[in-house]
Every structure is written in structure tokens, then in C-alpha cells.
Amino acid sequence: MERPAWAPPGIDISVPSVSRMYDFYLGGSHNFEVDREAARKAMEFIPGLPKIMQANRAFMRRAVRHAVDNDVTQFLDIGSGIPTFGNVHEVARAADPAARVVYVDHDPVAVAHSRAVLDGDEGAAVVAADLRKPSDILHSPEVTRLLDLERPVALLLVAVLHFLEDEDRPYEAVAELIDALAPGSLLVLTHASYEGIPLSEERADGTVGVYRNIRNPLVMRSGAEISRFFEGTEMVEPGLVPMPRWRPESPVEEEDPYAFSGFAGVGRKA
């Protein structure tokens with residue numbers, strides 16, 4: 001298999017990556033054939049996966065604008081993935097040019113491309129770290145330099161928590177992150193669920209099996225289980241809802257049925 005010039009040295013390009021699969025769903029070009037093959041297998045069971053990812057991105061952009069509208073101009077985006085058009089720093093700075101952003105991911109390709117995109121940008125940075133180790137993120141030089149944790153921060157956990165199994169202690173990780181943030185901070189979150197997918201759970205489970213086979217288990221939590229991540233915050237209206245229903249900017253009736261798969265919400269720390 002030929003290694004593309006943009007692929008960081010040392011990564012195994014024979015193993016699929018969820019962030020590169022996500023890039024493929026969004027129409028990006030920074031993915032390998034092994035990622036495309038796994039993504040196509042997943043789409044055999046849930047053909048609307050690209051629509052779900054697009055709904056994720058659209059929600060993220062609306063939530064970022066909501067944060068800036070409420071004077072939150074610092075962003076910590078964990079599980080940020082490979083940079084695509086309309087990333088957090090672009091959306092935030094369109095509303096406030098002084099917005100500061102720290103991206104966090106553990107995929108070497110995502111980190112390398114984020115660093116390339118942000119080269120020379122004094123108000124944004126990327127950290128190579130894992131959500132399972134919040135302390136490493138909070139005490140990283142990039143967070144220390146760019147974010148004032150004494151002031152409100154928008155913590156973005158968009159389409160990442162469903163890759164943490166219960167034994168990874170995801171609720172504890174989120175609680176530790178929220179506890180480190182100032183009052184007025186926001187938790188911006190999306191999460192996969194069997195609820196809302198316009199096909200049977202048995203069929204959707206085929207996609208779950210694809211991710212399990214590539215050693216990145218996809219954990220489909222219920223709405224009640226997802227709401228637990230917001231403990232310690234007050235839900236912003238309209239609460240925890242399907243992604244297109246969170247403060248829509250266009251008629252919800254025009255959305256693809258797959259866009260309603262899973263949940264999205266924003267919570268504010270009191």
C-alpha cells in the first residue's frame with residue numbers, strides 16, 4: 001500500500017481510523033482505502049451515515065454561534081477529528097475574531113493536519129491527547145497558554161463519547177472536565193443512539209459490528225443514559241433532542257430522516 005505524502009510517518013495505514021472514516025463520510029480527502037472500505041461496510045447497514053455526520057457538523061456550528069452570542073469565546077474541542085471547512089475556529093471567529101480554540105485528538109493524522117491548518121495561528125492550537133485522561137488535556141501547554149479556565153469555556157464533545165465504553169469511565173471523564181471549568185461554561189455534546197434511526201435496531205447493529213471489528217466499539221446509549229453526561233449543568237432550551245431540532249435555522253421538515261439519529265444538547269454550568 002502506497003503511503004500518501006501527507007500521511008505522518010509512523011502511523012499504520014493498514015488499520016482503519018474512526019476520525020478518517022468520519023472525514024470520508026463528510027466528503028474529505030484525508031483518508032486511506034482501508035478507512036473507505038470500513039466506512040462503506042458500515043453504510044451497508046446504515047446508508048444515511050453521511051447525513052448523520054452532516055447533521056453533527058451543522059449542530060456544532062449552531063452551538064458555537066450560540067456560545068459566542070452568550071459571550072463564551074473560548075473553545076475546547078475534544079475528539080475534534082480532521083479539519084474540514086467550517087471548523088470551530090472558523091465559525092467562532094466569524095462571530096468574534098478574538099475567539100480562542102484548542103483542538104484535542106488522539107489520531108496522529110487528525111493532529112498532524114490540525115497543526116498544518118493552524119500553523120502561525122496564535123489563537124488556536126492542537127493537543128495530542130485522549131479524552132480518557134482529562135488531566136493530560138487540562139494541564140497541556142496549549143490549554144494553559146490559550147484558555148483561561150477562570151473564565152467560561154465551551155467544551156465540545158461532538159460525536160466522540162460513543163467511542164468510549166463504560167469501562168473507560170466516560171461519565172467520570174466528563175465530570176472531571178466540567179469540574180475544572182468556570183461557571184457559565186457550556187457542554188456541547190452529540191451522541192449516537194438507536195433512538196431515532198429510521199430502521200430496525202437489528203439492522204443498525206450491523207454498523208455497530210463494523211466498528212467493533214476495527215477495535216473502535218460504537219456504544220449506542222439511550223437518551224436517558226446520554227442525559228447523565230449533563231449532570232452538573234443546566235440544559236439550554238430545547239434540551240436534549242435530535243440534532244436538527246436543536247435551535248434549527250431552516251425548516252426541520254426538510255431534513256433527511258437519518259439526520260434525526262442520536263441526540264444533541266447544550267448544558268450550562270451554574
Checked segment 237-270 for anything surrounded by fewer than 20 Cβ atoms within 10 Å (Cβ to Cβ), over 15 Å from Asn56 (Cα atoms) and touching a helix residue (DSSP H, G or I) at 6+ places or on another chain (Cβ under 8 Å); matches are Pro238, Lys269
(1) over 19 Å from Gly48 (Cα atoms); (2) free of Cβ contacts under 8 Å to residues at least 60 places away in the same chain; (3) surrounded by 13 or more Cβ atoms within 10 Å (Cβ to Cβ); (4) not hydroxyl-bearing (Ser, Thr, Tyr) all hold for Glu234 apart from (3)
All-but-one check, Glu231 against (1) touching a Ser or Thr at 6+ places or on another chain (Cβ under 9 Å); (2) under 30 Å from Asn70 (Cα atoms), failing number (1)
Exactly one of Ala154, Ala173, Ala159, Ala182 is at positive phi and out of contact with any Gly (no Cβ under 6 Å at 6 or more places or on another chain), and that one is Ala159
Picking from Ala94, Ala128, Ala159, Ala99, the residue that is over 16 Å from the mean Cα position of the chain (by Cα), open to solvent by 10 Å² or more (accessible area, probe 1.4 Å) and aliphatic (A, V, I, L, M) would be Ala94
The number of residues in segment 110-144 that are touching a helix residue (DSSP H, G or I) at 6+ places or on another chain (Cβ under 6 Å) and β-branched (Val, Ile, Thr) is 2
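The values are calculated or read from the model by the stated rules, or taken from the named source; none is laboratory data. Please read these numbers as outputs of a predicted model, since none were measured by experiment. When we count neighbours, we look across all protein chains shown, and the Cβ atoms used for this are built from the backbone with ideal geometry, even at glycine. These accessible areas exclude ligands, DNA and RNA; they are computed on the full protein's heavy atoms, side chains included. Shrake-Rupley method; radii C 1.70, N 1.55, O 1.52, S 1.80 Å.
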